[in-house]
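Take a look at the structure below.
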Amino acid sequence: MAEAIEFKNKRVLILDDDLGMRNTMRLILGTFGVTNTYLAATANEAVRRIQQESYDIILSDYFLGAGRDGQQFLEELRHNKLIKLSTVFVMITAERVYEKVVSAVELAPDDYLIKPFSGEQLRARLERTLIKKAAFAPVYALIESGELREALRACDGLMAEHPKYAIDFIRLKGDLCLTLCDYAEAEKVYRQVLETRAVPWARMGFGKALFMQDKFEQAEEIFLDVVEVSSQYLEAYDWLANAHEAVGNGAAAQAALAAAVEKAPNTLPRQRKLGDVARRNGDLDTAEKAYSTVVQNGKYSYFRRPDDYADLGGVMAEKGNFNEALSLMGEARRQFNHSPEASMCAAVMESIIHKKSGNDEDAQAALAEALQWQEDSKPEISNAMKLNLVNACYQSGREDAGNSIVSDLIRNNHEDKALMQQAERTFEALGRRDFGKNLIENSAMEIIQLNNQAVRKAQQGDLAGAITMLRDAATRLPDNLQIVLNAAHALLVFIDKNGWDQDLMADAKRYLEKGNAKDPSHPKLAKLNAMYQDVAKKYGSTR
Amino acid sequence: MTDQPPSVELAALLAGNIHEVKNLLGQLFLALDEASVTAQTECPKLAQRLTAMRLTGRRVHDRLLHILTVYKAESGFFAANLDAYDPAETIEDLVQEARSLAGMHLSIAGQSLSPASWYFDRYLVESALTNALHNSLRYAATRISLSARAEDGYLVLSVEDDGPGFPAQMLEGGVLPLHNGEKGSTGLGLFFSRTAAAAHKNRDKAGFVKIENGGTLGGAVFSLWLP
């Protein structure tokens with residue numbers, strides 16, 4: 001028997017759309033000593049509660065009504081880092097859907113219970129999960145403070161201490177290697193598991209490690225195999241689609257995503273992706289259907305975005321349904337309470353829609369509104385939205401604004417190949433392929449040269465010179481993560497070599513925070529975060 | 001209105017309703033469990049009656065699960081979701097379940113001599129074992145034993161009792177009577193366990209169920225063999 005766990009001080013959140021079940025759960029938790037129970041009937045209510053206070057245990061039903069499910073809820077919590085790694089998340093599910101729950105490879109709940117279950121079963125599951133979390137606590141602490149290298153090293157020691165969780169530690173090691181971009185090592189870790197048993201999560205990890213090493217054909221084969229053997233592993237379809245796209249097979253990518261969407265229509269990021277791929281493939285009907293699901297289901301979600309309306313409106317306009325598209329933009333403005341971001345996005349799309357319908361005057365007016373928003377409140381809009389703005393500018397003859405926005409966009413994202421392709425497609429659609437290509441290449445080249453110059457300086461031993469250049473560039477191009485992170489890298493190397501410097505270290509930290517905020521999964525970030533920790537430790541500073 | 005071919009639709013409709021009934025049972029189980037915990041301190045006699053009611057509830061659920069299994073197996077939905085679990089925990093859970101449902105006259109023992117982890121579908125395995133356990137709870141005289149061990153490259157999970165054992169007809173393995181009125185056995189329980197066991201595959205091996213009489217306690221022995 002495992003050592004007894006004290007439930008009295010645990011804060012438990014119960015999420016279930018059924019009032020009877022919520023109350024029954026509260027009563028049954030009471031029988032083993034839980035006194036701090038909190039109830040939520042909807043995912044949004046639960047998210048609000050979690051943002052305000054933290055919970056030790058979250059018990060969520062899979063069915064939440066209104067087009068939401070417990071898996072989406074969990075994904076939102078994890079993606080937005082609303083719960084700690086130590087928080088216990090247990091999914092409660094009917095037998096009918098339990099395959100879906102156990103098939104969530106990447107963002108699996110800590111455990112699940114299938115209805116009907118007994119109070120004793122619930123107690124035992126919670127107790128074991130809490131004990132297991134305690135064994136992982138040291139690694140979780142390291143991960144949460146960004147010390148991923150240390151976390152990876154700690155796994156081996158803890159594994160020896162807790163042989164019972166060996167498989168779980170190996171799984172975590174694989175995840176960490178992938179996050180640290182140590183793909184060859186990840187490949188090794190997963191291969192080791194696969195030698196004993198072909199478990200789907202290990203095959204997935206193996207496939208990802210191959211994919212990230214650009215071994216697309218091999219990865220494609222693995223993902224095909226996972227999909228064939230475990231058709232419920234929906235994440236495998238996403239990666240299969242990535243692999244298909246990487247080898248240039250857009251139709252197969254769309255088919256893979258469509259298959260997954262059919263099984264789980266509520267997973268909005270995947271619907272979004274299906275819409276994107278279908279639109280690129282010229283299949284406007286499929287794109288419209290996918291985007292429309294995102295807009296409809298997203299209404300209930302805390303994490304909806306104006307972009308979803310823009311995508312749908314764009315496709316409607318491409319199909320010639322201008323009035324429908326315009327009224328959707330009106331809805332977008334209302335849905336987001338006329339926020340600057342939503343208003344700007346809607347204005348951009350309205351300009352494009354009016355132009356397409358032959359109404360030049362209204363197109364001009366809408367574009368003027370969008371540019372006014374940009375100037376007045378500078379709302380953060382996505383890169384895709386910026387390209388829509390560029391499109392609107394050129395269509396309504398605002399050359400200068402278009403040139404400056406697109407150059408700025410490319411200078412800040414010169415490494416984002418997908419975005420550059422998208423930008424090229426935008427110019428192609430405008431019938432200005434060569435003009436666009438030129439503009440894009442020049443903007444990118446400017447940054448590449450700057451970066452190369454800095455790197456050359458560093459290689460020639462002029463680390464200080466390199467730092468000056470990169471810090472200037474980082475100030476000018478705050479959104480270019482390559483520049484910002486290279487600046488951080490150079491600073492850290494400099495400090496490591498030449499000794500502690502409070503100001504430089506503060507700048508390095510600021511750059512890394514920028515990266516952590518903007519793109520937590522940037523391939524260089526984990527490495528640099530780890531390096532920052534090492535340097536800080538070396539000079540005896542604690543963050 | 002046009003005539004519809006009823007068979008497939010009907011099966012799906014029934015399956016859907018069984019799921020709903022299972023959800024309701026879920027609430028009932030928890031409510032009964034809570035009532036039984038409360039009764040233990042306030043009214044021990046009632047607690048005993050609640051224990052019997054809880055076992056009946058479990059058996060209702062077992063039956064529903066068996067019917068669903070036939071539906072799933074026929075429509076090709078039946079698959080095992082393997083992951084690594086600790087067999088000792090499975091035995092622990094079963095012992096707890098047995099103790100919470102056993103009358104005063106029964107003593108329950110559990111033993112695990114298996115490796116620290118094994119790949120299996122926890123839900124299927126627990127469902128098959130609890131079904132066997134619910135039977136033992138009805139037929140055992142004084143003792144039930146639950147155990148896990150490794151043998152011949154298989155994980156063997158067993159439920160044994162000191163009751164009268166399986167009827168000869170069942171042991172012979174031939175055609176099971178679809179319904180033998182008196183005991184209410186439909187043979188579906190064994191069908192479920194066999195389907196669940198067989199869904200566990202490892203390379204060229206598949207899981208299976210062994211039923212026999214004798215064992216360490218002299219009564220029924222139900223074993224699940226998982227590769």
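The values are calculated or read from the model by the stated rules, or taken from the named source; none is laboratory data. For clarity, every value in this text was computed on a predicted model and none was experimentally measured. Cβ coordinates were reconstructed from backbone atoms using ideal geometry, including for glycine residues, and neighbour counts include every protein chain displayed.
See the values below:
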{"read-out": "Set A:Arg128, A:Arg153: member being free of Cβ contacts under 8 Å to residues at least 40 places away in the same chain, out of contact with any helix residue (DSSP H, G or I) (no Cβ under 6 Å at 6 or more places or on another chain), assigned to a helix (DSSP H, G or I) and of a type outside the set (A, V, I, L, M, F, W, C)", "value": "A:Arg153"}
{"read-out": "Any hit, region A:373-381, residues being closer than 18 Å to A:Tyr394 by Cβ, modelled with pLDDT under 95 and crowded, with 18+ Cβ neighbours inside 10 Å", "value": "yes"}
{"read-out": "Top-ranked residue of region A:4-28 - restricted to ones that are away from chain B (no Cβ under 13 Å) and assigned to a loop (DSSP other than H, G, I, E, B), ranked as farthest from the chain's Cα centre (by Cα)", "value": "A:Ala4"}
{"read-out": "Odd one out for A:Ala368 among (1) free of Cβ contacts under 8 Å to residues at least 40 places away in the same chain; (2) of a type outside the set (Phe, Trp, Tyr); (3) surrounded by 15 or more Cβ atoms within 10 Å (Cβ to Cβ); (4) farther than 30 Å from A:Asn451 by Cβ", "value": "(3)"}
{"read-out": "Helices (runs of 4 or more DSSP H) completely within region A:459-543 that count 3 or more residues being among the acidic types (Asp, Glu)", "value": "A:502-518"}
{"read-out": "Residue match in region A:226-240 (condition: touching a residue at least 24 places away in the same chain (Cβ under 8 Å) and on the phi > 0 side of the Ramachandran plot)", "value": "no"}
{"read-out": "Count of residues meeting criterion [of a type in the set (Gly, Ala, Ser) and surrounded by 18 or more Cβ atoms within 10 Å (Cβ to Cβ)] in region A:49-76", "value": "2"}
{"read-out": "Of all residues in region B:42-65 being over 23 Å from A:Phe32 (Cβ atoms) and free of Cβ contacts under 8 Å to residues at least 40 places away in the same chain, the one that is surrounded by the most Cβ atoms within 10 Å (Cβ to Cβ)", "value": "B:Val60"}
{"read-out": "Filtered residues of region B:20-31 (kept if touching a residue at least 12 places away in the same chain (Cβ under 8 Å) and at the interface with chain A (Cβ under 9 Å from one of its Cβ atoms))", "value": "B:Lys22, B:Leu25, B:Leu28, B:Phe29"}
{"read-out": "Whichever residue in region B:101-124 is within 12 Å of chain A (Cβ to nearest Cβ) and free of Cβ contacts under 8 Å to residues at least 60 places away in the same chain and, among such residues, is farthest from B:Ser36 (Cα to Cα)", "value": "B:Pro115"}
{"read-out": "Residue within region A:459-471 that is under 29 Å from the mean Cα position of the chain (by Cα) and closer than 21 Å to A:Val535 by Cα present", "value": "yes"}
{"read-out": "Extreme residue, nearest to the chain's Cα centre (by Cα), among residues of region A:29-55 that are at the interface with another protein chain (Cβ under 10 Å from one of its Cβ atoms) and farther than 26 Å from A:Ala135 by Cβ", "value": "A:Gly30"}
{"read-out": "B:Ala39 vs. criteria without any contact (Cβ under 8 Å) to a residue 60 or more places away in the chain and more than 10 Å from every other protein chain (Cβ to nearest Cβ)", "value": "yes"}
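Residues are listed down the side, and each one gets a yes or a no for (1) outside any helix (DSSP H, G or I); (2) in contact (Cβ under 8 Å) with a residue 24 or more places away in the chain; (3) buried (at least 19 other Cβ atoms within 10 Å of the Cβ):
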site	(1), (2), (3)
A:Lys132	no, yes, no
A:Ala141	no, no, no
A:Gly146	yes, yes, yes
A:Tyr165	no, yes, yes
A:Lys173	no, no, yes
A:Val189	no, no, yes
A:Glu195	no, no, no
A:Ala209	no, yes, yes
